[in-house]
Amino acid sequence: MRVFCASIATETNTFSPLRTDFSDFEQSFYAPPGHHPATPTLCSAVFPALRKRAAEGSIELIEGTATWAEPGGLVNAPTWLRLRNEVLDQLKAALPLDAAIFGLHGAMIADGCVDCEGDLLEAVRQIVGPDCRVGTSFDPHSHLSEKRVRNADVITVFKEFPHTDFVEAGEACVDLTLKSARGEITPATSVFDVRMIDVLPTSIQPMRGFIDKLKQLEQSGNILSASVIHGFMAGDSPDLGARIIVVTNNEKAKGDRLARDLGMELFSFRGRAAPEFLTPHEALGRADASSRFPVVIADVWDNPGGGVAGDSTIMLQHVMEMGLQGVAVGTIWDPMAVRLCFAAGEGAEFDLRFGGKTSAHAGQPIDATVKVIRLVENAVQSFGTSVVPLGNSAVIRIGDLDIVLNTNRSQAFSPDLFTNLGVDISRKRILIVKSTNHFHGAFAPIAGEILYAAIDGPYPNDPRRTAYTRLKRALWPMVEDPHQEELA
Ligand SMILES: [Zn+2]
């Protein structure tokens with residue numbers, strides 16, 4: 001059995017002041033055929049899953065390119081066309097094929113192409129023909145277009161947010177697609193449009209119980225797979241919004257009913273699935289008064305993982321104004337400031353301007369006399385078994401305050417973003433990280449308490465106030481009851 005695989009992934013915040021080009025893919029992750037590392041990246045877990053089967057001798061694997069760019073702004077047209085054509089040329093050269101399996105994110109929007117993954121899967125189907133099985137995994141923060149569903153035989157999605165199960169989703173995609181190619185199953189995909197866009201972390205109720213229910217449904221053997229697309233509120237896509245996907249073994253009507261029932265249950269969670277969001281002052285005040293250290297505070301909307309810069313200084317300004325002790329901040333993206341720190345050298349004290357450079361809504365740059373505590377070339381942090389590059393990074397100190405500055409934009413995934421740079425977090429009272437919820441998995445075991453601070457910035461965090469231009473369907477919270485409106 002001949003199987004091809006490839007991965008093109010990023011998440012496009014169409015409202016971001018940033019822009020994305022090929023260098024963003026190169027900086028985050030770019031592996032030409034045969035160069036994928038042994039460990040998976042978030043969206044390329046199908047590679048190690050397929051290599052394992054190739055090593056066992058059950059398939060012949062033809063690898064294409066795997067690449068990922070940290071979420072950012074609109075992808076420019078030449079970059080998208082280069083990556084698309086590169087993978088499609090590899091696919092043509094690999095024919096004939098029994099299966100083609102992709103690790104896609106699902107929220108990539110390029111200049112001139114609103115549905116990159118739908119466009120890619122449609123082109124794939126034209127090349128491989130109707131008999132080759134096509135499978136793909138998606139991130140739940142994506143836009144599920146009809147074009148994607150029509151051209152893929154199998155779709156799996158990370159169930160967890162934080163996405164701690166990306167390896168399982170890749171495994172499931174490979175398993176179901178290969179079973180289908182062998183004729184052991186006939187996957188039928190049912191989709192229900194939930195008509196809402198919300199923040200749906202699975203680390204707390206009600207989503208925790210909902211995801212456990214989906215897993216039980218899969219384990220019962222009645223269905224092949226069940227997933228939730230959360231949608232990505234920072235992407236101006238006509239397919240914005242949550243959806244339920246149920247894959248049955250050729251039982252479409254049963255799948256449709258189940259998808260609808262699950263979808264209406266999800267709809268009932270609207271407005272009450274997100275954790276308590278605090279103002280910076282509330283979050284810092286609560287953290288300072290806590291007796292369980294370190295308190296981890298997420299700066300939820302200045303999350304580079306949502307496509308913004310991650311250089312907001314607003315939380316830091318509050319820390320300095322409140323005169324809080326024992327605080328570490330990770331990370332603030334500022335390649336220019338890192339360059340100056342490297343030129344100054346470890347141990348140097350000098351006047352530095354850092355942060356607050358890419359948006360008028362993310363605070364002013366900070367001007368301070370800083371001490372350079374630590375410099376690390378090509379620093380990394382971990383996300384499960386995945387290694388995430390931070391680029392050259394510096395730890396600077398202002399009084400008692402430690403701040404990690406980095407060169408490669410990345411959200412906070414793990415406490416090792418501090419410890420790899422020599423910051424002793426066991427002696428800190430408060431850790432401030434830039435992430436909406438991906439930090440939660442690895443920080444929860446070391447955190448005394450976890451708080452969420454929400455600050456308006458360049459991330460469009462209230463869909464009622466976001467100027468979407470492509471939306472044609474009614475969605476909650478812009479419309480109170482979009483299902484009723486649909487019926488009327
Ligand atoms: Zn996601």
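Throughout, read-outs are computed from the coordinates displayed, never taken from laboratory work. Just so we're clear, the structure is a prediction, and the values are computed from it rather than from any experiment. Cβ coordinates were reconstructed from backbone atoms using ideal geometry, including for glycine residues, and neighbour counts include every protein chain displayed.
Between helix 46-56 and the chain, what is the angle of the helix's C-alpha long axis to the longest principal axis, kept within 0 to 90° and rounded to the nearest 10? Compared with the principal axis, the helix lies near 60 degrees.
Rg then Dmax, both in Å and based on the Cα atoms of the stretch 81-148: 11.8, 33.
Note on the stretch 402-477 and the stretch 244-263: Cα centroid distance 34 Å, given to the nearest whole angstrom. Residues within the reach of a label modelled at Leu81 (point 7 angstrom out along Cα to beta-carbon, backbone nitrogen below 12 Å), restricted to the stretch 9-43: there are none.
Return a whole-number percent for the relative contact order of the stretch 335-386, with Cα pairs under 8 Å and 6 or more residues apart as the contact set.
Working: 53 pairs, mean separation 18.2, N = 52.
Over the stretch 335-386, the number comes to 35 percent.
The Rg/Rh ratio for the chain, using Cα coordinates for both the radius of gyration and the Kirkwood hydrodynamic radius, is 0.97. Largest first, the extents of the alpha carbon coordinates of the stretch 155-276 on the three principal axes equal 47, 29, 28 Å.
The distance from the alpha carbon centre of the stretch 115-137 to that of the stretch 187-231 is 24 Å, rounded to a whole number.
Under 1.5 on a/c is rounded, so check that first for the stretch 338-488, then, if it is not, pick prolate when a/b is larger than b/c and oblate when it is not; a ≥ b ≥ c are the square roots of the alpha carbon gyration tensor eigenvalues. Judged from the Cα gyration tensor, the stretch 338-488 comes out prolate (a/c at least 1.5, a/b above b/c). In this structure, the pairs whose alpha-carbon distance is over 20 Å, taken from Lys147/Lys213; Lys147/Lys252; Lys159/Lys472, are Lys147/Lys213; Lys159/Lys472.
Among beta bridges identified by DSSP and lying wholly in the chain, the antiparallel ones come to about 45 percent. Taking the alpha carbon gyration tensor of the stretch 218-327, multiplying each eigenvalue by 5 and rooting it gives semi-axes of 41, 17, 12 Å, largest first.
Rounded to the nearest 20 debye, the dipole size of the stretch 1-78 about its Cα centre is 260 debye, using +1 on the Cβ of Lys and Arg and -1 on the Cβ of Asp and Glu.
Applying a DSSP loop filter and a limit of 14 other Cβ atoms within 10 Å to the GluC sites (Glu not before Pro) in the stretch 208-287 leaves Glu276.
For the pair Ser291 and Phe350 in one chain, pulling the backbone fully straight at 0.36 nm per residue adds 17.8 nm over the alpha carbon distance.
Relative contact order of the stretch 265-396: 17 percent, from C-alpha pairs under 8 Å at least 6 residues apart in sequence.
Of the residues Gly263, Thr248, His281, the one whose Cα sits farthest towards the positive end of the charge dipole of the stretch 246-350 is Thr248 (charges of +1 on Lys and Arg Cβ, -1 on Asp and Glu Cβ, taken about the Cα centre). Between helix 166-181 and the chain there is an angle of about 10 degrees, using the helix long axis and the longest principal axis of the Cα atoms. Its residues counted as N, the stretch 262-342 yields a C-alpha radius of gyration over 2.2 N^0.38 Å of 1.42. Loop-only trypsin sites (Lys or Arg not before Pro) in the stretch 419-486, please: DSSP not H, G, I, E or B, and at most 16 other Cβ atoms within 10 Å. Sites meeting the loop and neighbour criteria: Arg470, Lys472, Arg473. Listed by chain and number, the aspartates and glutamates whose alpha-carbon sits under 14 Å from that of Lys179, ignoring those within fewer than 8 places in the same chain, are Asp98, Asp131, Asp153, Glu171. What you get for the chain, charging only the Cβ of Lys and Arg (+1) and of Asp and Glu (-1), is a dipole of about 480 debye around the Cα centre. In the stretch 170-237, a dipole from Cβ-located charges (positive for Lys and Arg, negative for Asp and Glu) runs towards its positive end, and of Phe192, His230, Phe210 it is Phe210 whose Cα lies farthest in that direction. Annotation note: trypsin sites (Lys or Arg not before Pro) in the stretch 104-191 located in DSSP loop regions with a Cβ neighbour count of at most 16 within 10 Å are Arg182.
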